[in-house]
Amino acid sequence: MLKQGSPVPKIDLLDQNGKPFSLSQLGKKKVLIYFYPKADTPGCTAQSCGLRDIKDQIGRAAIIGISPDKPEKQKKFDDKYDLGFPLLADTENKVAKAFKVWKKKSMYGREYMGIERSAFLVQDGVVLEAWYKISPADTPTKLLKALGK
């Protein structure tokens, strides 16, 4: 698992508009990268809208959401809730695997592979904070606290 001081894995994915996005585009800003299982589901909506609602409180920091959904689904999710930050399509789960959030899960006795909801505050190629198994409600709170807000 990634921890404070770990190097940030490379992120080169398509955003919700189908345009290439690289973490390096954001320069030396602090960036919250959060992984969610599926766009427009209750927990993922609560998490994403919670982050949207604190955007004006985080200064120059940026927010990026990542899920296995295709860009078209990410776009519908962004448009529906007016999220206003990049939602990246990790359709092959390469970035999720690099961040160690692609895990074996179980529901109703059925095992499957999926995203473990997690968030990372990073800056200049280094992990500042890593929150594995974070709840949707805790994501904005932990971000504000880590930023000293």
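Here, each number is a calculation from the coordinates, and none is a lab measurement. This is a predicted model, so every value here is computed, not measured. Neighbour counts run over all protein chains shown; Cβ positions are idealised from the backbone, glycine included.
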Principal axis extents for region 1-47, Cα atoms only, whole Å, descending order, please. 32, 28, 18
To the nearest 20 Debye, how big is the dipole of the chain about its Cα centre, given +1 on the beta carbon of each Lys and Arg and -1 on that of each Asp and Glu? 360
Relative pair counts by distance (%), Cα atoms of region 26-83, 5 Å bins: 4, 19, 30, 25, 15, 8, 0
Which FRET efficiency value, to the nearest 0.05, do you get for Lys105 and Asp79 by plugging their Cβ-Cβ distance into 1/(1 + (r/R0)^6) with R0 = 25 Å? 0.30
For region 44-76, which trypsin sites (Lys or Arg not before Pro) are in a loop by DSSP, counting at most 11 other Cβ atoms within 10 Å? Arg60
Residue (of Ala96, Val122, Gly109) at the positive-pole extreme of region 96-149, dipole from beta-carbon charges: Gly109
Relative to the present Cα-Cα distance, how much length would full extension add between Lys38 and Gln4 at 0.36 nm per residue of separation? 9.6 nm
Considering only Gln57, Gln74, Gln25, give the residue with the highest GNM mean-square fluctuation for the chain, with springs between Cα atoms whenever their separation is below 10 Å. Gln25
